[in-house]
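Structure record follows, encoded as structure tokens.
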Amino acid sequence: MAVDKEELKKKILEYATKKAKFKSKMYIKDLYKADPNAKPREVKNAANELVKENKLEYFSSGSTTMYGVPGFGNPEQE
Amino acid sequence: MSLLDISMYKDDPGFDVSELMEKPYDPEFADKNYNPDKPMENRITDIGPPHYAQFFPEVIKKNYGEWKSHEFIQPGVIKYTSESGDVCYVVRCGLPRILTTNLMREICDIADKYSGGIARWTTRNNVEFHVTDEGTLRELIDFLKNFKHPGGSYKLPIGGTGACISNIVHTQGWIHCHTPATDASGLVKSTADEIFEYFGSHKLPAKLRISMACCLNMCGAVHCSDIAMLGVHRKPPFVEDERIGKVCEIPLVVAACPLGAIKPATVEINGQKYKTVRMNWDRCMFCGNCYTMCQAVPLADAEGDGVAILVGGKISNRITTPKFSKLIVPYIPNEPPRWPSVTKVVKRIVEAYAKDAHKYERLGDWAARIGWERFYEKCDIPFSEKSIDDYRLAYDTYHTTTQFKWSTHTDNL
Amino acid sequence: MADLKKHDTPMVDELKKGPWSSFADDLQTRGDSGSQACLDLLGQLELSYKDKETHWKHGGIVGVFGYGGGVIGRYSDQPDKFPAIAAFHTLRINQPASKFYSTKFLRKLCDMWDHRGSGVFNFHGSTGDTVMIGTTTEQLEPIFFDLTHQFDMDLGGSGSNLRTPSCCIGRARCEFSCLDTQAICYDLTMTYQDELHRPAFPYKYKFKISGCPNDCVAAIARSCCAIIGTWRDEIRIDQKAVQAYVNGELKPNAGAFSDRDWGPFDIQKEVIDLCPSKCMYWDGKELKIDNRECTRCMHCINVMPEALRPGLDVGATILSGAKAPILEGAQMSTLIIPFMRMEYPYDEIKELTDLIWDWWMEEGRNRERLGELIQRKGLPTYLRIIKRKPIPQMVKEPRSNPYVFWKEEEVPGGWTRSLEEFRKKHLA
């Protein structure tokens, strides 16, 4: 029972935007919570598509990569 | 008959880059064609690496999967013979892992002149030149023997084969890393100078692999090396109370500690409240994982940082199974630029091993055979409490037998 | 070029002495020929030698659009003193499998890197990537554009991605190789381009492929999925060549011990007695191997390569979950599949990988490597996930504690029972 991708993207974006006010960087695991019915791989694919659409962005420290919402986060973080 | 079958990849973008390589680099291409406002325009993604086979020398394409045997005709020079009767000589040269376009262009000049325009790198950062006739081989070797830097070092020393100490693999250190407890390039250069005679010779009992990582992250995995040099911190991190809340996510910092030594906290400075963390220093094992996750808890320190030595690891399944390296010397201070105390210990271990081990016996197998008490004695290294494990699964390393050897450690009991 | 600013670097200059190839001299030469970045790099290294501390700051957030890996940010904490390296980011470029390059390719890469970066490389990064050290944030997109358009090259992995797979020299040159290591490496790399470039996992994931149990790419120590060549049939023996070794006509171990007098070659002492499973016999005329008892350690083959060769029924042993010490301590890979055929299109390893990833993505904690998850959940759980039967090859020895986690369905009658009936038989 694959979830609808566009629907999932909407849910992820809503969830991430809500979260971003408190926590500007999210692990992929945090995004799973956007839709408990979606499989990890579906969430990953949807989230990565959102990045391509400029709606989410990556934060990579080199060792780990996290997601953020453009516009949120700390200006001091280069 | 070559076993090289690559037809299934012929439609991949990087299958044949020869046409692209005929065109010189166009420095203006990206400036003209890349539009920052429309990053997806003309964008190419997910094409992967260029296909490997197009860079093979002809003799390798022709004899792929048909090699019959190899021989080290002298240290650093390998002769490969194919079922077809074809022969390929490989000259292996040491090289610092960090190199500039200058030295790279010189390597290209050598490859163009002697090895058909192809160079190959090994897992241990050596560079290799392939030639097919003995005359060219001799000319290349003669050339390399006199190919030196202004300071007198060999640009491309020949060696790294057989019962030798091959190139020391290492990490970035102070030359390009933000978490190191020591330098890598300088320490490795100093050590490589000290044991240089073993790079270009076949006189050890077996191969001996030295590796170097400048912090516990071990981005160059050194945990299974005959001898490992490892940068270690010994002071717990600072906490920058006024900055940490701005630049880091507090829960991530707390979660970063494997021993649960970091707790969230709020402090008041000049009447202003700051969200920050507090650390239980007694629990800190100086792994630096918190600093990896957050730049507001730096732990580098001139007095605190230094080098630990671990020995006896191996990767190969030959005779005995793969082994972890064991911590022999917990700490030696940083002594740039030459690290004499570190190189002295390394050389002492190498020489004790070279003198005492059986043929084919790796360093860890030698130490296991003679017993660790004897290892410390023969290497003249003091045994320290710090070498006794008290982390997870520590009990596995304790001696639970009456079988031990008398050594200097028991002589005065 | 007239404006080059040289720093006073007496300690770094010490490293130009001695026989081993000097990185300091290389950087100096490049610096003197017009690269302020190389001169500043030496200057900052000198400062680190004085302070005994690094002067690089935490990376910060840089990358190319749409990719979650391949670029690692780096800034100097002394930008006023060393402006040419104020921003000095790293790019990881996916290397061609087993690292052969044409000089045309390398020269063009040098031209690009001198134009858009510092001219400093790592050949190669520990994982295997072709690494370019030192450029500014503004140059990242143009470099990526150049790489993909002018080189047919792509970035490698970093962050919570699949890391760039790597392999040994394999059949390109080595007679021991039981696998087409480059082909497997290339095929997996191409199959998993999305996972390589975009975050997918709790943490990093590594494939490494070695052609035989000598494991020249250290797969067993540092990959989540180690693919190591092996064989199922008999070691091929050329008895004449064995005699030639015994008679001293051939050099043991292909000449690897040539600079020391170890005495005449003694097949009994050097081969038969060192065999870990003692499965070899030498009667003075003929070498016999009980192949069923052989553990394929490679020692006899390494010592007498002209006489002994791996069998012809080849495939891979698959091991899971190696990692360096951070955080739970170092782990070696655990044997999970003794033998898997490795033929194009490598469906079996890909099906296995899907099972592993689905489980790890679901169950893995943030920054938890596969090996740590296996440790936390136990090997039996892992085997159920990857649909493999437990066999004795997977353990060094059976457990010595009796604390078995029996499942209810394994016990006749289940766990629910009548206390009443029990007490009828046993007074309280």
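The values are calculated or read from the model by the stated rules, or taken from the named source; none is laboratory data. Every value quoted in this text rests on a predicted model; they were computed, and no experiment measured them. Neighbour counts run over all protein chains shown; Cβ positions are idealised from the backbone, glycine included.
Some points to look at:
- Residue count, the stretch B:198-238 (criterion: aromatic (Phe, Trp, Tyr) and within 18 Å of C:Ala330 (Cβ to Cβ)): 0
- Failed criterion for C:Leu355 (all others in (1) touching a residue at least 40 places away in the same chain (Cβ under 8 Å); (2) in the same structural domain as C:Ala219 (by TED's automatic domain parsing); (3) more than 30 Å from B:Gly260 (Cβ to Cβ) hold): (1)
- Scanning the stretch A:6-30 for residues that are exposed (fewer than 15 other Cβ atoms within 10 Å of the Cβ) and at pLDDT below 90 yields A:Lys21, A:Phe22.
- Counted residues, the stretch B:198-239 - those being more than 20 Å from B:His358 (Cα to Cα) and either in contact with a strand residue (DSSP E or B) (Cβ under 8 Å, 6 or more places away or on another chain) or facing chain C (nearest Cβ under 10 Å) (or both): 24
- Scope the stretch B:266-283; condition of a type in the set (D, E, K, R) and either buried (at least 17 other Cβ atoms within 10 Å of the Cβ) or part of a strand (DSSP E or B) (or both); matching residues: B:Glu268, B:Lys273, B:Lys275, B:Arg278
- Among the residues listed as C:Ser76, C:Ser98, the single one being under 30 Å from B:Thr81 (Cβ atoms), touching a strand residue (DSSP E or B) at 6+ places or on another chain (Cβ under 9 Å) and of a type in the set (Ser, Thr, Tyr): C:Ser98
- Residues located in the stretch C:377-390, provided they are touching a residue at least 40 places away in the same chain (Cβ under 8 Å) and either not assigned by TED's automatic domain parsing to the domain that holds C:Trp359 or not β-branched (Val, Ile, Thr) (or both): C:Leu379, C:Tyr382, C:Leu383, C:Arg388
- Residue in the stretch C:164-176 that is part of a strand (DSSP E or B), more than 14 Å from chain A (Cβ to nearest Cβ) and under 24 Å from the mean Cα position of the chain (by Cα) present: yes
- Flag: B:Glu106 matches the condition of being part of a helix (DSSP H, G or I) and more than 9 Å from chain C (Cβ to nearest Cβ).
- Unique match (being of a type in the set (Gly, Ala, Ser) and touching a Gly at 6+ places or on another chain (Cβ under 7 Å)) among B:Ala394, B:Ala354, B:Ala367: B:Ala367
- Identity of the residue in the stretch C:148-163, among the hydrophobic types (A, V, I, L, M, F, W, C) and surrounded by 24 or more Cβ atoms within 10 Å (Cβ to Cβ), that ends up nearest to the other protein chains (Cβ to nearest Cβ): C:Met153
- Unmet requirement for B:His149, which otherwise passes all of (1) surrounded by fewer than 24 Cβ atoms within 10 Å (Cβ to Cβ); (2) within 9 Å of another protein chain (Cβ to nearest Cβ); (3) touching a Gly at 6+ places or on another chain (Cβ under 9 Å): (3)
- Top-ranked residue of the stretch C:1-54 - restricted to ones that are acidic (Asp, Glu) and within 23 Å of C:His115 (Cβ to Cβ), ranked as farthest from the chain's Cα centre (by Cα): C:Asp3
- Test result for B:Tyr52, closer than 27 Å to C:Phe123 by Cα, in contact with a Cys (Cβ under 6 Å, 6 or more places away or on another chain) and modelled with pLDDT of 95 or more: no
- Any hit, the stretch C:202-217, residues being of a type in the set (A, V, I, L, M, F, W, C), out of contact with any helix residue (DSSP H, G or I) (no Cβ under 6 Å at 6 or more places or on another chain), crowded, with 24+ Cβ neighbours inside 10 Å and assigned to a loop (DSSP other than H, G, I, E, B): yes
- Apart from one condition, B:Ile309 fits all of (1) more than 13 Å from chain C (Cβ to nearest Cβ); (2) more than 24 Å from the chain's Cα centre (by Cα); (3) under 22 Å from B:His178 (Cα atoms); the exception is (2).
- Screening C:Glu234, C:Glu249 for residues that are in contact with a strand residue (DSSP E or B) (Cβ under 9 Å, 6 or more places away or on another chain), surrounded by fewer than 23 Cβ atoms within 10 Å (Cβ to Cβ) and either free of Cβ contacts under 8 Å to residues at least 24 places away in the same chain or outside any helix (DSSP H, G or I) (or both) leaves exactly one candidate, C:Glu234.
- C:Gly125 being within 7 Å of another protein chain (Cβ to nearest Cβ), in a loop (DSSP other than H, G, I, E, B) and either in contact with an Asp or Glu (Cβ under 8 Å, 6 or more places away or on another chain) or crowded, with 22+ Cβ neighbours inside 10 Å (or both): no
- Of the helices (runs of 4 or more DSSP H) lying entirely inside the stretch B:157-265, those containing at least 3 residues that are surrounded by 24 or more Cβ atoms within 10 Å (Cβ to Cβ) and small (Gly, Ala, Ser) are B:185-194.
- Hey, C:Leu196 among the hydrophobic types (A, V, I, L, M, F, W, C) and either more than 27 Å from B:Ser84 (Cβ to Cβ) or within 14 Å of chain A (Cβ to nearest Cβ) (or both) or not: yes
- Test result for B:Thr292, within 26 Å of C:Lys204 (Cβ to Cβ) and of a type in the set (Ser, Thr, Tyr): yes
- Counting only helices (runs of 4 or more DSSP H) that sit completely within the stretch B:351-413, those holding 2 or more residues that are hydrophobic (A, V, I, L, M, F, W, C) correspond to B:363-370, B:372-379.
- The set of residues in the stretch B:180-210 being of a type in the set (Phe, Trp, Tyr) and in contact (Cβ under 8 Å) with a residue 40 or more places away in the chain consists of B:Tyr198, B:Phe199.
- Candidate set from the stretch B:57-80 (those that are part of a loop (DSSP other than H, G, I, E, B) and touching a Leu at 6+ places or on another chain (Cβ under 8 Å)); member that is surrounded by the fewest Cβ atoms within 10 Å (Cβ to Cβ): B:Glu66
- Output for the stretch C:258-291, where each listed residue is within 22 Å of B:Thr321 (Cα to Cα), surrounded by 18 or more Cβ atoms within 10 Å (Cβ to Cβ) and within 12 Å of chain B (Cβ to nearest Cβ): C:Glu270, C:Val271, C:Leu274, C:Cys275
- Note on the stretch B:81-103: residues that are among the hydroxyl-bearing types (Ser, Thr, Tyr), part of a strand (DSSP E or B) and without any contact (Cβ under 8 Å) to a residue 12 or more places away in the chain amount to 1.
- Matching entry among B:Tyr52, B:Tyr34, B:Tyr9 (being surrounded by fewer than 20 Cβ atoms within 10 Å (Cβ to Cβ), closer than 29 Å to C:Asn161 by Cα and touching a Lys or Arg at 6+ places or on another chain (Cβ under 9 Å)): B:Tyr34
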